[in-house]
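One structure is given below, encoded as structure tokens.
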Amino acid sequence: MAKAPMRVAVTGAAGQIGYSLLFRIANGDLLGKDQPVILQLLEIDNEKAQNALKGVIMEIDDCAFPLLAGVSAHSDPMTAFKDADIALLVGARPRSAGMERKDLLEANAQIFTVQGKALDAVASRNVKVLVVGNPANTNAYIAMKSAPNLPAKNFTAMLRLDHNRALSQIAAKTGKPVASIEKLAVWGNHSPTMYADYRFATIDGKSVKESINDDAWNKDTFLPTVAKRGTAIIEARGVSSAASAANAAIDHVRDWVLGTNGKWVTMGIPSDGSYGIPKDTMFGFPVTTENGEYKIVQGLDIDAFSQERINLTLKELTEEREGVKHLLA
Ligand SMILES: NC(=O)c1ccc[n+]([C@@H]2O[C@H](COP(=O)([O-])OP(=O)(O)OC[C@H]3O[C@@H](n4cnc5c(N)ncnc54)[C@H](O)[C@@H]3O)[C@@H](O)[C@H]2O)c1
Ligand SMILES: O=C(O)C[C@H](O)C(=O)O
């Protein structure tokens, strides 16, 4: 028997990430090739954005996706999030050249307070929320705190792009396929302070750290390349990453829903206190997923260098949280 459709809400649907994301969701890349989907698309209440959204929907229609069971356009989160099983919160103001992420904090905090409240009021009680819009961790934290009637664990932030960027750098360095790399971790904030950690990673069972055996490459090349990749893309394209961000969003939610079969992935999730990260801090952790639930990989040794890096990214997140505290009162 055919499965009942799942409702996927996407905000910022007429933006550049939306344009790479929606077609893949409708194609079955997010929830599986046997899972019908209904798209509920939110854009700002502005003629230009709503017209652009209409155009995107015309194109979606023109693909005649067999799995697409419906698509609707919204300007109000209260209708866009109605009964949503999945909510991809992409809409936010993107950072442009020369702009610091912190500059965006306050404006975006307003958006995520409203959207958290709307999710709380109308979404499925099991809704899985992924925040992509920057600053993603703090926006996810705000949405979570604005939705007290939903389980906090249902709110997540996207660090999968950092994870995928790190995988690709390691693959290039070792000359091995990306798919052969296991047990990579990315800790912290989706920002240049995040800490991509390949100390536990293996390729065909062999230690990546031992095969690379180059601490200077880790510190002076690998970490800065992954950390500054978003900025490098903005400098090269004039706008922030879009197709790779959409791809990471698909990876994040697909793995959360369908499971990783024991493989580690990185998700920004509310801390349960693991590794000394204060409870509820929206922090990137290595996780495995099964039956729609994620579990933090436990028992990893944190050496002095790693602790220093983790402290740095935690400090930034704590400061971001302090910066929006007044909005959550
Ligand atoms: N976490 C990550 O790894 C990652 C990676 C890349 C980009 N991003 C972030 O994703 C966000 C979107 O990027 P983009 O390139 O698609 O930007 P974009 O400007 O092309 O599109 C954003 C869209 O969101 C809409 N929007 C703004 N406020 C909204 C609201 N309150 N409700 C609904 N829609 C709203 C805008 O009208 C616009 O169409 C940015 O914040 C960007 O920094 C995150
Ligand atoms: O929008 C940005 O600041 C960059 C983006 O988060 C990215 O990592 O590509």
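The values are calculated or read from the model by the stated rules, or taken from the named source; none is laboratory data. Worth saying up front: this structure is predicted, and the values here are computed from it rather than measured. Because the Cβ atoms are built from the backbone with ideal geometry, glycine has one as well, and the counts that use them run over all protein chains shown. Side chains included, ligands, DNA and RNA excluded: accessible areas come from the protein's heavy atoms. Shrake-Rupley method; radii C 1.70, N 1.55, O 1.52, S 1.80 Å.
Data table
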| quantity | calculated |
| --- | --- |
| Complete set of residues in region 182-192 that are away from ligand 2 (no atom under 16 Å from the Cβ) and open to solvent by 40 Å² or more (accessible area, probe 1.4 Å) | Glu182, Lys183 |
| Flag for Ala171 being modelled with pLDDT of 95 or more, surrounded by 14 or more Cβ atoms within 10 Å (Cβ to Cβ) and under 30 Å from Val122 (Cα atoms) | no |
| Residue identified as touching a residue at least 12 places away in the same chain (Cβ under 8 Å) and surrounded by fewer than 23 Cβ atoms within 10 Å (Cβ to Cβ) among Leu161, Leu150, Leu130 | Leu150 |
| Within region 232-246, considering residues that are open to solvent by less than 30 Å² (accessible area, probe 1.4 Å) and not hydroxyl-bearing (Ser, Thr, Tyr), the one farthest from Ala87 (Cα to Cα) | Ile234 |
| Residue satisfying all of: in region 1-47; within 16 Å of ligand 1 (Cβ to nearest atom) and in a loop (DSSP other than H, G, I, E, B); most open to solvent (accessible area, probe 1.4 Å) among these | Asp45 |
| Candidate set from region 252-288 (those that are touching a Pro at 6+ places or on another chain (Cβ under 9 Å), of a type outside the set (Asp, Glu) and within 13 Å of Lys153 (Cα to Cα)); member that is surrounded by the fewest Cβ atoms within 10 Å (Cβ to Cβ) | Lys279 |
| Filter result (in contact with a Ser or Thr (Cβ under 9 Å, 6 or more places away or on another chain), open to solvent by 50 Å² or more (accessible area, probe 1.4 Å) and within 16 Å of ligand 1 (Cβ to nearest atom)) within region 204-231 | Arg229 |
| Single match in Ala166, Ala179, Ala249 (criterion: open to solvent by less than 40 Å² (accessible area, probe 1.4 Å) and farther than 25 Å from Asn311 by Cβ) | Ala249 |
| Hits in region 183-228 - residues which are charged (D, E, K, R) and farther than 25 Å from Gly276 by Cβ | Asp204, Lys206, Glu210, Asp214, Asp220, Lys228 |
| Members of region 183-203 found to be free of Cβ contacts under 8 Å to residues at least 40 places away in the same chain, in contact with a strand residue (DSSP E or B) (Cβ under 7 Å, 6 or more places away or on another chain) and within 16 Å of ligand 1 (Cβ to nearest atom), listed by number | Ala196 |
| Of all residues in region 154-180 being in a loop (DSSP other than H, G, I, E, B) and within 16 Å of ligand 1 (Cβ to nearest atom), the one that is nearest to Val265 (Cα to Cα) | Leu159 |
| Within region 223-309, helices (runs of 4 or more DSSP H) holding 2 or more residues that are away from ligand 2 (no atom under 16 Å from the Cβ), farther than 17 Å from Ala185 by Cβ and modelled with pLDDT of 95 or more | 243-258 |
| Selection status of Leu167, touching a Ser or Thr at 6+ places or on another chain (Cβ under 8 Å) and within 30 Å of Ile203 (Cβ to Cβ) | no |
